[in-house]
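First comes the structure, then the notes that go with it.
The values are calculated or read from the model by the stated rules, or taken from the named source; none is laboratory data. None of these values were measured; they are calculated from a predicted model. Note that we place each Cβ from the backbone using ideal geometry, even for glycine, and neighbour counts take in every protein chain shown.
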């Protein structure tokens, strides 16, 4: 009933989310491309008992290939892909729910929250990747689930839920292991405020939950040390002075040899401007400093401090890894927009103006997506 009343009350936002969903559904008729093909080949081999891409073991993170294997339909492969994409769309909406609940806990205006989520839902990169077979929808769902439970009441149940989301993030994209620093901090809070019996219980359950991750990393270590991997994320760390090289690539000072264009910081602006391949160092740097400045000046809750810390940790991790595609930041997009909202309030901009501006941007995005829908449908049909 609450959702129905919200739909009746917020008709403009309902229209925005509806058109976002419609454009997202176009991925159901698109063929696999890029990394999706890699995941598909690995998932096929999983069903024969081998974690290979073609002829040799792989250390690609396992969540996506295993999910694809679950939805595999041998007699009609495209049906399996459609079901998998619908599953990802479902995860995306649950991710929006977690983000909504998290922001609600920070005492934000409900219409401001809807504005932030609406801009995220209509974002060009979001519409392209959330419903696809890339890991973005799973990461979005898990990251905001992690944030919500991390900032919930301090008890064993919420810690274990936080820990589960952390584990899922880590075996979906290795970069998210950096959030383990926050998990350690959360455990320390429990250690200070909980009794010995609760701590023992927490350690026992956490160890059991972590076993699959530990076995996976034992496998990754063996394959990488023996140089047996057919496709690996870790090759970028195996040459001399590679850390310095990766930092330069992550900062966008050079183009990494594994990609076709400069990424890192210059690509940040393309998360907001729907122009394919757009790069600009100055605009990107200003946008990054702007959202951080918003948090630093108007950050009032512990939850916002944790959110900013998480964003900075992940962005630093991307720099150290020498990467930073626009879609890598997609999961953090509501956090970026919240920073811009906080910056606007610093300059006495009323909530109504932020809401109207957000709705205006959403309709610009929607217009662009309807154009793309038409071009794609006419090309396919």
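Among the conditions (1) in contact (Cβ under 8 Å) with a residue 60 or more places away in the chain; (2) over 15 Å from residue 134 (Cβ atoms); (3) in a helix (DSSP H, G or I), residue 59 misses just one, which is (3). For the range 79-92, the count of residues that are part of a loop (DSSP other than H, G, I, E, B), buried (at least 17 other Cβ atoms within 10 Å of the Cβ) and either touching a helix residue (DSSP H, G or I) at 6+ places or on another chain (Cβ under 8 Å) or touching a residue at least 60 places away in the same chain (Cβ under 8 Å) (or both) is zero.
Out of all the residues in the range 322-336, which are crowded, with 22+ Cβ neighbours inside 10 Å and farther than 26 Å from residue 113 by Cβ? 322, 324, listed by residue number. Output the qualifying pairs, or none if there are none: Cβ atoms under 7 angstrom, residues six or more apart or on different chains, first residue in the range 8-32 and free of Cβ contacts under 8 Å to residues at least 12 places away in the same chain, second residue assigned to a helix (DSSP H, G or I) and surrounded by fewer than 17 Cβ atoms within 10 Å (Cβ to Cβ). That search, which allows pairs on different chains as well, returns 14/7. Here residue 250 clears all of (1) within 23 Å of the chain's Cα centre (by Cα); (2) in a helix (DSSP H, G or I); (3) more than 19 Å from residue 327 (Cβ to Cβ) except the condition numbered (3). Please find, among 139, 211, 133, the residue that is crowded, with 16+ Cβ neighbours inside 10 Å and part of a helix (DSSP H, G or I). On inspection, the qualifying residue turns out to be 139. Is it the case that the range 312-321 has a residue that's assigned to a helix (DSSP H, G or I), surrounded by fewer than 21 Cβ atoms within 10 Å (Cβ to Cβ), in contact with a helix residue (DSSP H, G or I) (Cβ under 7 Å, 6 or more places away or on another chain) and free of Cβ contacts under 8 Å to residues at least 60 places away in the same chain? The answer is no, given that none of the residues of the range 312-321 is assigned to a helix (DSSP H, G or I), surrounded by fewer than 21 Cβ atoms within 10 Å (Cβ to Cβ), in contact with a helix residue (DSSP H, G or I) (Cβ under 7 Å, 6 or more places away or on another chain) and free of Cβ contacts under 8 Å to residues at least 60 places away in the same chain.
Being in contact (Cβ under 8 Å) with a residue 40 or more places away in the chain, assigned to a helix (DSSP H, G or I) and more than 13 Å from the chain's Cα centre (by Cα): is that true of residue 125 here? In short, no.
Please enumerate the residues belonging to the range 24-52 that are modelled with pLDDT under 90 and either surrounded by 15 or more Cβ atoms within 10 Å (Cβ to Cβ) or in a helix (DSSP H, G or I) (or both). Across the range 24-52, there are no qualifying residues.
I'm checking my understanding of the structure. Among residues of the range 274-292 that are surrounded by 13 or more Cβ atoms within 10 Å (Cβ to Cβ) and within 25 Å of residue 34 (Cα to Cα), which one is modelled with the lowest pLDDT? Per the stated criteria, the residue is 274. Out of curiosity, is residue 160 in contact with a helix residue (DSSP H, G or I) (Cβ under 7 Å, 6 or more places away or on another chain) and surrounded by fewer than 21 Cβ atoms within 10 Å (Cβ to Cβ)? Judged against the criteria, residue 160 is a match.
Screening 379, 300 for residues that are over 23 Å from the mean Cα position of the chain (by Cα), outside any helix (DSSP H, G or I) and either without any contact (Cβ under 8 Å) to a residue 12 or more places away in the chain or more than 14 Å from residue 143 (Cβ to Cβ) (or both) leaves exactly one candidate, 300. Residue-level check: of (1) over 20 Å from the mean Cα position of the chain (by Cα); (2) assigned to a helix (DSSP H, G or I); (3) within 15 Å of residue 290 (Cβ to Cβ), residue 369 misses just (3). The numbered conditions (1) farther than 30 Å from residue 358 by Cα; (2) surrounded by fewer than 19 Cβ atoms within 10 Å (Cβ to Cβ); (3) at pLDDT 90 or above are all true for residue 230 except (3). Restricting attention to the range 154-189, the residues being farther than 21 Å from residue 64 by Cα and in contact (Cβ under 8 Å) with a residue 60 or more places away in the chain number 2.
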